[in-house]
Amino acid sequence: MKDDKKIAYVALGCFLILFGILFPVQSMKWSSWIYENIEISLESTDSGRLVMTALSYITWYSITFSFIYMGAMVISHTLSKRFFSIWNQLMFSGIVLASVLVYNRMYHEHYAYIIHFLLLGIMLFLMNFIPKQRYFYVTFLLILVFMLFSVQWLNLIPALSNFGFGTDDFAVSMKITDEYLTNQKLFNTFSTILFGVFFLIAIIITTLLHLFSKQIMISRQYQQQTEELRETKGALIETNVYKEIHSLVHDLKSPLVTVEGLISLLSLKVQDEKSQSYFERISTSLEKMKDMVSEILYEDTKRELEVQELVNYVRSHVRQEDPDIAFHMQVEENLPNLYINKIRFARALSNVLENALRSLKDEGGNLYLDVEQHEQSIHFLIEDDGPGIDAAWLETIWEEGFSTKNSSGIGLPFVKNVVHQHGGTVSMESEPDVYTRVKIEIPVSEKEDEEDDSGY
Amino acid sequence: MKKYSIAIILLLISIGTILLQSRSVSPETKYTWPNLPAPIGEEPILITSAGQATEGKVFSYVTKDLHFETDYRPRALSTDLYEYETLVLVTGYSPHGLNQTYRSIEEEKQRVDKLLQQAERKPIPIIVVHVGGAARDDQYTWEFLRQSLPYADYVIGLRQMEQSTQLQRLAEKHSIPVTLVEELNDIRTPFNSAFR
Ligand SMILES: Nc1ncnc2c1ncn2[C@@H]1O[C@H](COP(=O)(O)OP(=O)(O)OP(=O)(O)O)[C@@H](O)[C@H]1O
Ligand SMILES: [Mg+2]
């Protein structure tokens, strides 16, 4: 994420928390209403009114805490690199507890912390089951509100007073009023029932969302598979076309040879100066044509190429549109030329880059491409800060067909093959969640050395 | 498993807190009295609040059917004392209750202080009642208790957790008789014994 975007999100989170903490100031009338109604239900021995007041009390606090929890979620989500990491969860809990502390201090309140320990624990547990995708905040809020409506009833169960629940002013007042009116019978049963009902609702919502998102994921996977199948079909056709062209190009060679022979025959026969120079030019053109044909036909055909040109070529072939991925490229100046098969080497580089891009797709992050010279070799370093690869898998990934992405898994074996063909080495190291680095080393163009030698 | 760890830690903390709180449920009641051996007060009685919590009103309702001559005036001033022969202070700090009076906690403390001083001067007996229970256990409520106990002649409270041990200790320090009752409605017996 970009820095100014981050700042904006953090500011939004702080604003939400502030709004939550200041909510009692903005709703003085409401809290007075609650206070008065506790007294009225006492005076008129009206336990029905006390129940209504209890509902109102829980709604009032739920608003404050919804804002605080949402704000904490926005901030911790923005500031931690990976969503739902341990650090993310710790920050979320820390911000919530600190806000409740500030709230208690500010209003001389004594709201029970145990409610928040419980609620945070439950919410973090449930979050494992809700999809962390597009509608995350909406679903989070929905479940949070029901959970707030559930656990806060614990504050109004007189039997739990001994265990540190319901220590805030309203809760104490209502519990003692209930003790006078019904000898605790009403709240002991009613609050327990409502706690259970709302808890159940929250759990049901989470389960439904979980199943729903699973369903969507399955159908999306199915769609993807269909698409892949179509692509494979296309590729197959492409291969056939390629084969056709290959044989066509191959077939071109025999007429070329015939033309070459005939021209040399002709040059022997026709002896005037002008025609001789024409024949020479025709021969050079034929030579060039033969070279081109063989570069297409044979894999180990190599030629000299500037590093910058190669990099530009690769860049133009790798599609990268995700705004959350930052691409950093650094090519050392005055690098010697490469002596490579451009088409195949470029394909190898794009494969590595595509893997890195793929790993950053979900969370965004940074992708670095550095090219530098170390003595007699040129290093291509491709690094990303995505999820990375577990040390246990670092060997296996080079095997043909290994893929964690449901893909063909021929990318890395191909890379290895091409790099070896160029007399180089390739290696991969990774520390999960920190970095993943692929290093390709190939020797500096030998051809250039020869030329240098002959030049001086 | 790693992704559940924070959730599990938080839930364990909750359980730990609950266990910690419940350990202190059964307090000792060595120095308490079931009720007063001889009455100390006379009617009419002024019931007022120290901290503006709902307990004051609840207490006045609970003791209604004893048919004493009582007035519940939560915001009574020291100048009101001349009509009464006994002062009953119900302690309990309520930020919302205090909000209704538009007074600060400092002003409330001053009001209580003046009442206590005036009762001493008169002199009439002072009874301190604390019926908020385990949940009304905040520092401000305790400030009111510490403020009024040195002047008290009798203390009535609920037999709940740590709190009552602390209350006993405080009363012992000022050598005041204490009665702790199981639940709110039991409070009538000791309160009755203070007058009849
Ligand atoms: N930069 C990277 N970050 C994380 N994992 C990677 C990275 N590069 C490769 N991998 C892992 O190595 C596996 C093998 O990669 P490889 O390129 O051979 O196959 P693929 O990308 O899955 O399929 P294909 O390239 O054929 O479409 C990947 O599935 C992935 O798990
Ligand atoms: Mg790949």
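The values are calculated or read from the model by the stated rules, or taken from the named source; none is laboratory data. Everything numeric here is computed off the predicted structure, so don't read it as measured data. Every residue, glycine as well, gets a Cβ built from its backbone with ideal geometry; the counts of neighbours run over all protein chains shown. SASA here: full protein model, heavy atoms, side chains in, ligands and nucleic acids out. Shrake-Rupley method; radii C 1.70, N 1.55, O 1.52, S 1.80 Å.
Structure summary
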| read-out | value |
| --- | --- |
| Region A:366-435, Rg to Rh (Cα coordinates; Rh as Kirkwood inverse mean 1/r) | 0.98 |
| Helical contribution to [θ] at 222 nm, DSSP H n ≥ 4, -39,500 (n - 2.57), averaged over chain A, rounded to 500 | -23000 deg cm²/dmol |
| Accessible area, probe 1.4 Å, largest first, for residues A:12, A:194, B:145, B:20 | B:20, A:12, A:194, B:145 |
| Probe 1.4 Å, accessible area per residue of the protein assembly as shown, Å² | 52 |
| Solvent exposure ordering (accessible area, 1.4 Å, most first) of A:113, A:278, B:151 | A:278, A:113, B:151 |
| Efficiency of FRET between residue B:106 and residue A:324 - r from beta-carbon atoms, R0 45 angstrom, step 0.05 | 0.25 |
| Accessible area of residue B:96 in the full protein assembly, 1.4 Å probe (Å², nearest 10) | 20 |
| Crossing angle, helix A:446-455 versus chain A [Cα axis fit, 0-90 degrees, rounded to tens] | 50 |
| Residues in region A:9-50 that, when all protein chains are in place, have 30 Å² or more less accessible area than the chain alone would give (probe 1.4 Å) | A:35, A:39, A:42, A:43 |
| Whether region B:19-125 is rounded, prolate or oblate, judged on the alpha carbon gyration tensor where a/c under 1.5 counts as rounded | oblate |
| Rounded Å value of the spacing that divides the Cα centres of region A:305-339 and region A:78-155 | 45 |
| Value of Rg to Rh for region A:190-319 (Rh from inverse mean 1/r over Cα pairs, i.e. Kirkwood) | 1.50 |
| Residue A:132/residue B:67 FRET efficiency (R0 60 Å; Cβ-Cβ; nearest 0.05) | 0.35 |
| Binned Cα-Cα distances of region A:1-98, short to long, each 5 Å bin given as a whole percent | 3, 13, 17, 16, 12, 10, 9, 8, 6, 4, 2, 1, 0 |
| Interchain or long-range residues, amide H under 5 Å from residue A:331's placed H | A:371 |
| Per-residue SASA entry for residue A:25, accessible area with 1.4 Å probe, Å² rounded to 10 | 80 |
| Whole-Å semi-axes of the ellipsoid equivalent to the protein assembly as shown (Cα gyration tensor, √5λ, descending) | 88, 23, 19 |
| Those trypsin sites (Lys or Arg not before Pro) in region A:133-237 that DSSP places in a loop and that have at most 15 other beta carbons within 10 Å | A:134 |
| A:138, A:10, A:96, reordered so the largest accessible area comes first (probe 1.4 Å) | A:138, A:10, A:96 |
| Heavy-atom accessible area, 1.4 Å probe, ligands and nucleic acids excluded: residues of region B:136-150 down by at least 20 Å² from chain alone | B:136, B:138, B:140 |
| Residues losing 40 Å² or more accessible surface upon assembly, region A:164-179, compared with the chain by itself, 1.4 Å | A:169, A:172, A:176, A:179 |
| Calculated SAXS-style log₁₀ I(q)/I(0) at q = 0.13, 0.18, 0.21 Å⁻¹ - region A:302-447, Debye, Cα scatterers | -0.55, -1.08, -1.44 |
| Convex hull projection area averaged over all views, region A:3-223, Cα basis, nm² | 13.4 |
| Buried area at the A-B interface (accessible, heavy atoms, 1.4 Å probe, summed, Å²) | 3900 |
| Shape of region B:30-193, Cα gyration tensor, a/c cut at 1.5 | rounded |
| Accessible area (Å², 1.4 Å probe, nearest 10) - residue A:435 | 50 |
| Carbon and sulfur %, accessible surface of the protein assembly as shown computed with the full protein complex present, 1.4 Å | 57 |
| Residue pairs, from the table B:57/B:114; A:302/A:416; A:243/A:405; A:81/A:416; A:243/A:302; A:185/B:57, whose Cα atoms sit over 23 Å apart | A:243/A:405; A:81/A:416 |
